[in-house]
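The values are calculated or read from the model by the stated rules, or taken from the named source; none is laboratory data. Since this is a predicted model, take the numbers as computed values, not measurements. Using ideal geometry, Cβ is built from the backbone for each residue, glycine included, and neighbour counts are taken over all protein chains shown. Ligands, DNA and RNA are excluded from the accessible area calculation, which covers all protein heavy atoms including side chains. Shrake-Rupley method; radii C 1.70, N 1.55, O 1.52, S 1.80 Å.
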Amino acid sequence: MSYKELRIVFMGTPEFAVSSLQALLEHECNVVGVITAPDKPRGRGKKVGISAVKEYAINKRLNILQPTNLKAPGFLVELEALEADIQVVVAFRMLPVAVWNMPPLGTFNLHASLLPNYRGAAPINWAIINGEKETGVTTFFLRHEIDTGSIIYQEKTPISKKDTLATLYQRLMHMGSKLVVETLKAIAEGSVEALEQIASDDLKHAPKIFKEDCVIDWNQSAEKINNLIRGLSPHPAAWTRIHGRTMKIYGAEISNKKIDVGVFQKERSNSILVGTEDFALRLIEVQMEGKKRMITEEMLRGYHWPNSEKT
């Protein structure tokens, strides 16, 4: 069977998923339904917002479903009526068995890590935070336990010292969209030989990022702190307290200087050094509480900064 003949239901919500949906349509795939998150209030004004996938699907005039309960009988009837041959999942929530087991060719997921490592909600963040030298994308068949299904394909990419969440996210998003199409073609041809994931006690995990995970501990090494900053930039951003206010840090570099741990030191008129366990970090881009994000030099022009202060 040609992959273009398959009836496909696509499930996803954020921008990361849009790239895969776009790739399917560009390859003339028959997407008969798009499942995405319900609309919800966002921002200070609580204006109702729609997901990136829904916005794209509307522009492409695709059939959209937004269930609040994936186990609801009404939704299951609607889903079954689409008569999907296969379901493709990218950055969506956990599916019940009744959903992922419905199509005859199964349901496969795209995950932004080299499984079985970094199962969980934030694989891109944690790969950078943990100082990994490479990561990648994986397609795998869904099963009940999250991110544990049989692996179909994987593709690797190095993580450079300059990569941030933003740059790696974009790269994996585009790599993943290509892998989704390759996976779909292989399944349609019947050439897939999925491999079971091998579990071990030393697997690395990727749990959801919370505010407390973003706090900088200046007692750590400059490299470890810089990895945290890169892995959380631009969102939710690593942060610290200085002058009684919160400072988010979006970019830094390791200097060859050494100052006391946790001491913020103004370096000339255009930069700030912060002491760590070893070398000082030079802050490149920051956001003071109540202010906009800006490069450090710009921030210092309009902000009174003592020559040296400890957090």
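Excluding ligands, DNA and RNA, the accessible surface per residue across the chain is 50 Å² with a 1.4 Å probe. Where the alpha-carbon atoms of the stretch 178-237 are placed on the principal axes, they occupy 54, 30, 21 Å, in descending order. Computing the accessible area with a 1.4 Å probe over protein heavy atoms, can you report the carbon and sulfur percentage for the stretch 85-232? Exposed carbon and sulfur together represent 54 percent of the surface.
In terms of Cα atoms, the Rg and Dmax of the stretch 17-119 work out to 14.5, 44 Å. Remark: C-alpha extents of the stretch 164-311 on the principal axes read 67, 34, 27 Å, sorted largest to smallest. Sparse packing (at most 16 other Cβ atoms within 10 Å of the Cβ) combined with a DSSP loop state is found for the following GluC sites (Glu not before Pro) in the stretch 122-173: 145. Based on C-alpha pairs under 8 angstrom that are at least 6 apart in sequence, the stretch 8-78 has a relative contact order of 32 percent.
Placing unit charges on the Cβ atoms only, positive for Lys and Arg and negative for Asp and Glu, gives the chain a dipole magnitude near 1460 debye about its Cα centre. Counting only DSSP H runs of at least 4 residues, each contributing -39500 (n - 2.57), and dividing by the residue count of the chain, the helix-based mean residue ellipticity at 222 nm comes to -7500 deg cm²/dmol. Screening the chain for whole DSSP H helices with an alpha carbon extent of at least 18 angstrom along the helix axis and a mean Kyte-Doolittle hydropathy of at least -1.0 yields 165-189. To the nearest Å, what is the center-to-center distance of the stretch 251-311 and the stretch 122-144, using C-alpha atoms only? Each part's Cα centre sits 31 Å from the other's. By a 1.4 Å probe calculation restricted to protein chains, residue 3 has an accessible surface near 40 Å², given to the nearest 10. The GluC sites (Glu not before Pro) found in the stretch 1-110 that occupy coil by DSSP, while having at most 10 further C-beta atoms within 10 Å, are 28.
Between the listed residues 77, 207, 235, the Cα displaced farthest toward the positive end of the dipole of the chain, a dipole computed from Cβ unit charges relative to the Cα centre, is found at 235.
Electrostatic tally near residue 106: other residues with Cβ closer than 11 Å to its Cβ, Lys and Arg +1, Asp and Glu -1, net 0. Sparse packing (at most 11 other Cβ atoms within 10 Å of the Cβ) combined with a DSSP loop state is found for the following GluC sites (Glu not before Pro) in the stretch 172-213: 193, 196. In plain terms, if you count all Cα to Cα distances in the chain and split them into 20 Å steps from zero, the share in each step is 30, 48, 21, 1 percent. Here the mean projected area of the convex hull built on the C-alpha positions of the stretch 98-218 is 8.9 nm².
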